[in-house]
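FYI, it's all coordinate maths here, none of it is from the lab. No experiment lies behind these values; they were computed from the predicted model shown. Cβ coordinates were reconstructed from backbone atoms using ideal geometry, including for glycine residues, and neighbour counts include every protein chain displayed.
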Amino acid sequence: MIESSLLELMPHTVTWSTSSTLDNYGVPTWASGAHSMAARISAKHHEVRDRHGVTREAAGVVWCASVVTSTFVPTVDDRLTLPDGTTPPVLRVEAFDDETDRHHYKVTLGY
């Protein structure tokens with residue numbers, strides 16, 4: 001479980017929508033239920049390797065608190081909606097655990 005002192009450093013709320021299916025053109029459709037998470041958004045231009053090993057330009061990082069009551073685990077196939085309503089591509093999702101459970105996620109966003 002994430003500590004309340006760390007949650008104070010996460011003033012934003014982001015929303016995750018899971019990928020449901022692909023249409024006939026390979027475009028994903030999104031499940032109707034969404035998962036909100038406390039987050040800290042940091043703009044940081046850097047390079048990162050995506051899940052295919054390709055070097056991509058990243059626009060920033062989002063640190064997300066884990067949702068303890070849910071079995072939801074964010075992936076690069078999901079859609080992340082930022083507080084301003086934008087949905088940048090998700091390049092990487094890294095999970096961090098503490099002694100007891102999933103603690104938080106580091107999400108790298110593209111352009």
(request) May I ask you to derive the FRET efficiency for Thr13 and Asp77 from their Cβ-Cβ distance with R0 = 25 Å, giving the value to the nearest 0.05? (result) 0.75
(request) Please report the relative contact order for the chain, taking Cα pairs under 8 Å with a sequence separation of at least 6, and give it as a percent rounded to a whole number. (result) 27
(request) Per DSSP H run of at least 4 residues, take -39500 (n - 2.57); add these up for the chain, divide by its residues and hand me the 222 nm value, nearest 500 deg cm²/dmol. (result) -500 deg cm²/dmol
(request) Label region 1-79 by shape, choosing from rounded, prolate and oblate, from the square roots a ≥ b ≥ c of the eigenvalues of the Cα gyration tensor; if a/c is under 1.5 it is rounded, and otherwise prolate applies when a/b is larger than b/c, oblate when it is not. (result) oblate
(message) Along the Cα→Cβ direction, 7 angstrom out, place labels at Glu99 and Val27. What is the inter-label distance in nm?
(response) 5.0
(message) Using 0.36 nm times the number of residues separating Lys44 and Ala59, minus their current alpha carbon distance, what extension gain do you get?
(response) 4.8 nm
